[in-house]
1. State whether the residues of region 803-816 include one that is surrounded by fewer than 10 Cβ atoms within 10 Å (Cβ to Cβ) and not polar (S, T, N, Q).
2. Residues in region 740-799 that are of a type in the set (D, E, K, R) and either assigned to a loop (DSSP other than H, G, I, E, B) or touching an Asp or Glu at 6+ places or on another chain (Cβ under 8 Å) (or both): how many?
3. Can you tell me which residues in region 498-513 are small (G, A, S) and farther than 14 Å from L477 by Cα?
4. Looking at the structure I just gave you, is L854 outside the structural domain of D913 (by TED's automatic domain parsing) and of a type outside the set (K, R)?
5. In region 538-553, how many residues are of a type outside the set (V, I, T) and in contact with a Gly (Cβ under 9 Å, 6 or more places away or on another chain)?
6. Spot the failing condition for A379; the list is (1) under 30 Å from S649 (Cβ atoms); (2) surrounded by fewer than 22 Cβ atoms within 10 Å (Cβ to Cβ); (3) at pLDDT 90 or above, and only one is missed.
7. For region 592-604, name all the residues that are in contact with a Gly (Cβ under 9 Å, 6 or more places away or on another chain) and outside any loop (DSSP other than H, G, I, E, B).
8. Given the residues L873, L941, which is the only one that is within 19 Å of T984 (Cα to Cα) and surrounded by fewer than 19 Cβ atoms within 10 Å (Cβ to Cβ)?
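The values are calculated or read from the model by the stated rules, or taken from the named source; none is laboratory data. This is a predicted model, so every value here is computed, not measured. Virtual Cβ from ideal backbone geometry, glycine too; neighbours counted across all protein chains shown.
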Amino acid sequence: MGLVSDRERVGTTTRARWVAICFALLMALFSSQSAAAQHLGFRLYDEDSGLSNLGINALAQDQAGFIYAGTENGLFQYDGSRFTQLGHEVGLPDVGTVTDIQAMPDGRIWVLFADRLYMSHGGRFVSAGLDLSTSDDIYHHLAVLGDDVLLVRNGKLLRARGNADDTVTVQPFLATQPAGASQSVLQAAIAAGFKSVYVDQGAVWLQCGVTVCRLQNGALTLTGDQLGLPPDQWTGLLRDRQGTLWLRSPLRIASLRPGSSRFEITDVPGGAGRFTTDAGRLQLVQDSAQRVITQSATGLLVHEHGRWLIYGHHEGMLYGAPISMLIDREGSLWAGSHGRGLAQALGFGMFENWTREQGLEDDLVWNMARDGAGTLWVANDLSVDALNERTLVEKARNQQQAIAAASPDAVAGVPATSAPATAAAVPPTGPVPEQRYPGRAYALARSARGNLFVGFISGTLLRRDTATGRSEVYARLPQIRTMAMGPDGMLWIGTAEGVLSIPQPDVPGPPVFSQAAHPVGRVFSLVFDSAGTLWTLTDQALQHRDADGSWHVVMTTQSDGGYQVRCMAFGPDGLLWLGSFLTGVTRLHLAGNSVIGTDTLPRQHVAGLDVELLARDAAGRIWIGTDHGLDVTDGVHWRHIDTDDGLASNDIAEMATMTDRDGSQWFGTAAGLSHLIDSRDLFRPMVLHPVITQATIGNRVVSPPVAINQSDTAQAIRLNWSRAPLVINFSTLDYRYSRSLRFRYRLEGVDAGWVETSTHEARYPDLPPGELTFEIAAVDPLHGLSSEPVALHFRVRAPWWRSWPFYLSTMLLALLTLAVLWRLRVSYLLARQRHLEAVVAERTREIEQARLILFNQATYDGLTGLLNRVACLERLRQAVTHAATTASPLAIALIDLDHFKQVNDRYGHLSGDAVLKEIGHRLAVGIRETDFAGRYGGEELLVVLPGLRVGAFGRVQVLRKEVFKEPCPIENGAISLTCSIGMTWLREGDDVTSMIRRADAALYEAKHRGRDRMVFDPPLLDWTA
């Protein structure tokens, strides 16, 4: 039953405004075997998720964590990113109805189609060869018995076994009479016909017609009558973890507890629905919270605390009753529908939620409190509702009836002078017109006696006496923002204008406010620390109250650019945590009345910066609520909670939380009330399970799925080099937080470092040859989770043009080519060298010739061929130096042609030149090798005779005869000539000049004596002969 609303209308009224009235709350607490359940959140999978068929007949999860969905048209595998149909590429038909799936502990998957049975082995499926198309069973089911599976066909029980040679053998399982079974029992069971099979702890349970058979230890018994089981279509069987055996038929649920001899029979709440004619689809499963779950006519039935909770359309089951169910290894419930796809329940078993569908007046929940009677009161945006534990919200929908039912004894006047000075504008209570009643409430508080106080935003303060169930308007105040009950029983009220307090709120009668001075301003939060000291947070200051009632300002909190601090809590570290709008959480280090330090909570710990809630629960944990969900810490560990965990909404209402008496936690959100059922495992380590789902090159699959526990032993995949890109798909087999997952990957030898992405694919256009290792790790920064990397090893064979034989051949060819080129080059260079040598030799010869010509021109006389004057004198100088050095004799002879001028005058200069040329030739031929001769000038010739001793002139005389004995031929004749010779020898102290001077003097003397003679110096015999 809901607390009556108080809505204030704009305008005035002629009725008395200051008279208080009370009104009764209509509550119909009831207990029933079945009740409507809370709201469930679902994540839906349809065509956009890869399911091309939305009729989900069967669900299973293998050992690696892949989800398999058997549909009306094929088998699909879910890898955390999308569903992929498994067809002919793995040995399964591309079309066909899947009726059941069983995942074996050894990793094998059995898939039962309507007409065939298949078993997976080594990534492919093999057919059992069993034709089921002629079976009269609409839906076939499998049961695991050891390494085999059992199934029913045409009323017969069969066993399918996988063989070592990758074949499947199918044999009858009850072909012979079991030991310990009477012939009549066997015949009765076979005659009844088997419909479904279930294996429990080695016992095989069978639906035998309208009863149940059990085969255990070789004994077959009809157990229905013995255990009190009425005739029915008992198609669903389950042994839960507590040992209770559950059976399900369209109309009944039977349970056999351990030690009991008879089944307890319960009628299915809501009737059979579609399962009247569809009993083969009935299932029983158990979740991680030990709850048994089965289908109802419109949704789910969940057995909890001895009763069945109904989850229907109003509780979020939009698709009606599922036809298949699965509890995955994370504890999540998966429900397959008939034609609408697959749904994953979010936070199933972790959270329970209440919304308008469950009876709340509004989804926006501001606060909650439990009164002394144990009733939970929920303040939403329109009213305050009473919530009976684990049942529907019950509300007093008719406020007029509630007011009319109020007793006059509940009316109490509140004198205007009873409020403190800070609340002087608060009017006294008085009669409230029927149109004015409480509405939006922000604050709820429970007194020491269990009475409930409700503070409305309108300023109305309501008090409800839990013992009598009667309510009264207790006071009218400024807008009430928050309330807190002190350890001493004093009620503290935070309003829009300041803090008020009522020392004895449980005393009957009007409230008596404390007259002590309290903080003023808009109050955001009232918190007591571990010592019982009250701390207040207003829009002006953070203050605390000492034991003597005095207040101390710790710090001012005036808004700076809109970043208002508006919530606080003392953390497990002893620091005061402050939450603000857009700046996150700041922690204050306090020493008495002073702040000695501050630090900002690291961004990675809080998902959002708009902090609406800061609270410390009974276990000492700090809860932080933002528009991105909840973050909680115990001082060491952190955990993020959002709609993926089952929270009604990620938008947490301002300071809307409560720790219940059982340690569970309640939260108000913008989309309903959320109850965290069990918070003991909040910080249980969570592990991500990345998986490489597939690696392809072009259209060719090169790697099957590789999970984290397989990567260390996986063999390297041998690949031929290809120009087609390598595409590696990856995901995680963790389905609760799929929206916040990210991946870090690298290909060693290609990627310089780790690459982070939110996609499920890595693409490499050109792989280098060699040993490569691809590593992928999953991270969830929102929830602080990470995984070890999964590795996939490649050995890429080089293309033929990158292989060693090709390299060797290329190297040899290159060497051969180089050798040929080298040889050709050497031949060319040698030829070039020879050519150059010939050219050089020719040029050298020419140069030598030119040099010789120049030398001859510079050294020899061009007419006579003898040394010229300069060269002859230089040679003479060298001879003088040598003779002086070696003390050897040296003689010179200066020769002059007699009357040579007359030759020129008579015969011409050409004839004179011919004569000189001939004389020079004869002289050059006649001298010794050690001698030399030169033209000294005109017709004068100089002969140098090294080694010729003084007085030995015979040699010169012979030379004179040889040269001049014959006439000199000229053009048209010959000319006879004579010569005059002056000769001298080297003396001590001589040089060239002195010797030439003496020879010239001797020549002059010879001419003076009549020519054609030789004159010597020193004087010797004048020689004319």
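1. yes
2. 9
3. G509
4. So L854 passes the test.
5. Number satisfying all stated conditions: 5.
6. (2)
7. The answer is T600, R603, Q604.
8. On inspection, the qualifying residue turns out to be L873.
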